[in-house]
Amino acid sequence: MVVTRIAPSPTGDPHVGTAYQALFNTVFARQNGGKFIVRIEDTDRARYNATSETRILDMLDWLGLTPDASPRHEDELGPYTQSLRADLHREHARRLLDAGHAYRAFDTSEELDARRKAAEERGESYRGYDRRDRDLPREESDRRAAAGEPFVLRLRVPLEGETVVRDRLRGDVRFDNRELDDKVLLKTDGFPTYHLAAMVDDHLMGVTHVIRAEEWLVSTPIHVLILRGLGWDEPEWIHTPWLLGPTGKKYSKRRGDPSVEDFRRMGVLPEALLNFLGMMGWSMPDGREIFGVQDMIEHFTWERVSLGGSTFDVTKLRWLNGKYLREVLTEEDVATRLHAFLTEQGVQVPLDDHFRAVVRLMVPRFEVFSEFWEKSTYFFTEDYAFNEKALKLLADGRDFLDDLRRALAEAPAFDQTTLEALLRGFADSAGLKPGKVMQPLRAAVAGTPESPGMFELLEVLGRERVLSRLDRAMSVASA
RNA sequence: GGCCCCAUCGUCUAACGGUUAGGACACUACCCUUUCAAGGUAGCGAUACGGGUUCGAAUCCCGUUGGGGUCACCA
């Protein structure tokens, strides 16, 4: 069975890159009837952030990429929290030590730093651990360890030959073993490093395909060597292309690129974000740009993955989100979800017919939920402000607004058709172009010259509100 | 700097030896029109460079350049 995983570390905000990896891991697993798991890699106690794990798991739920197994949904291969598996890691580290594939190194961090610095001062580029303790006799190593001297366990990489990483996307990538470092496997604190822990856990959890970001490619030979030392088969390696920020560097929250939570607060739909991520580095065979996770599951192939990094273009994401609002979701769905968003943001409006009517009018006029309220406030309060342009239009309409109010008050009905005939007739008899009448009217009832169409706007507002708004506007204008 | 990956419009991408190099976002113009949007039409705009291979290269090979990544007791 195909088993894929993501292995995020709980160090901060839920990362877009994590969502990106989750997408491809999910799609590939589902396509093969397999299993997608999330393992939280919390072995770095120094950078651990208590809320981060919950937020990462919440993000996945929000996106609809809920894993088959995770710290929230354990199964017999768990636990899915790396720190809880330290005994397992130590046990396998021991195996590596006994088999001669690893050795104890007693250098302190300070010594290492000093040597690194000295090398730099000599103008040499740092070449990795200098292997001082690589050939310490086992007896001495055992004795010093037993005496309580702190040590780390390091991988004994071959000094000659090469290690080949067979990558699904890039073919065979060859590494000269002389370029490899004797990486730390077990830290002084007894916790494993990523390299050991991930390989042990992946194997024990039955992971068949390691789909991860390109940054891991160069450490893969280390992983291959660990796997070989333990006598295990390699998974299939798949290193996906980069997600880039606006400056062309790797997308990163630290650099100021938005997190998934930022997009959520912006009012981006999860399906739009996923769709957008799906077209970063991949494309539908028929060129469609609007597609969902299910479409990806049906059509995904590695052959269609492009290897150049993709720049994350928020402008296009916004366009795509607007597209979902206008063409993919139903009106009712947009209303319901927008209402939930507003509630979450602390805006209290009833989810009623008026709200639905407003949403219907406004939907082509905003791309993300966060833009809605600011552009639609006047639909929900009689106390809306008049902006500068509106004030000017009100002045333009001073001569006829009073007559227009009377005409509106006497209109036989207040539906779009009636209103259109009435307004055009009014303009005609006043010898004005329709726009000259409608713009001041619009300014009066909306406080801005930018609004949905005049007739539908009036209908949605209703006669009572329109008349009282005109009263207020005229008093504001003459003040 | 060593090593590794990558390279089509500003951006996301299509093309898997033969196309006027296609589409989308953005931008510009026009249409629609009561404003703002949405929508429609058109325009602008790319195979980084140099060598090969081939009847024929965006496509295959080599080099150059450029960009990115990685060189932690972080993941």
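The values are calculated or read from the model by the stated rules, or taken from the named source; none is laboratory data. Remember, predicted model here, so these are calculated numbers, not experimental data. Ideal geometry is used to build each Cβ from the backbone, glycine not excepted, and the neighbour counts take in all protein chains shown.
Do we find a residue being of a type in the set (K, R) and within 7 Å of RNA strand B (Cβ to nearest atom) anywhere in the range A:209-231? No, the conditions are met nowhere in the range A:209-231.
Of all residues in the range A:147-184, count the ones that are farther than 27 Å from A:T208 by Cβ and touching a His at 6+ places or on another chain (Cβ under 6 Å). Counting residues in the range A:147-184 that are farther than 27 Å from A:T208 by Cβ and touching a His at 6+ places or on another chain (Cβ under 6 Å) gives 1. Beta carbons closer than 7 Å, at least 6 apart along the sequence or on distinct chains, pair a first residue in the range A:318-334 that is in a helix (DSSP H, G or I) with a second that is among the small types (G, A, S) and within 13 Å of RNA strand B (Cβ to nearest atom) for A:L320/A:A272; A:N321/A:A272; A:Y324/A:A272.
When A:M205, A:M199, A:M266 are screened for being more than 15 Å from RNA strand B (Cβ to nearest atom), over 18 Å from A:R170 (Cα atoms), touching a Phe, Trp or Tyr at 6+ places or on another chain (Cβ under 9 Å) and not assigned by TED's automatic domain parsing to the domain that holds A:G128, only A:M266 passes. Restricting the range A:426-448 to residues that are within 47 Å of the chain's Cα centre (by Cα) and outside any helix (DSSP H, G or I), which is surrounded by the fewest Cβ atoms within 10 Å (Cβ to Cβ)? Here the answer is A:T448. When A:V368, A:V349, A:V334, A:V358 are checked against the criterion of being buried (at least 19 other Cβ atoms within 10 Å of the Cβ), more than 11 Å from RNA strand B (Cβ to nearest atom) and either in the same structural domain as A:L461 (by TED's automatic domain parsing) or more than 30 Å from A:W282 (Cα to Cα) (or both), A:V358 stands alone in meeting it. In the range A:337-346, which residue that is in a helix (DSSP H, G or I) and touching a residue at least 24 places away in the same chain (Cβ under 8 Å) is surrounded by the fewest Cβ atoms within 10 Å (Cβ to Cβ)? Ranking the candidates gives A:R337 first.
Scanning the range A:83-98 for residues that are surrounded by fewer than 17 Cβ atoms within 10 Å (Cβ to Cβ), more than 30 Å from A:V2 (Cα to Cα) and either among the hydroxyl-bearing types (S, T, Y) or not assigned by TED's automatic domain parsing to the domain that holds A:Y20 (or both) turns up at least one hit. Summed over the range A:308-331, the residues that are more than 8 Å from RNA strand B (Cβ to nearest atom) and within 23 Å of the chain's Cα centre (by Cα) give a count of 7. Residues that are touching a residue at least 40 places away in the same chain (Cβ under 8 Å) and within 11 Å of RNA strand B (Cβ to nearest atom) within the range A:420-449 comprise A:K436, A:V437, A:Q439, A:P440, A:L441, A:R442, A:A443, A:A446, A:T448, A:P449, listed in sequence order.
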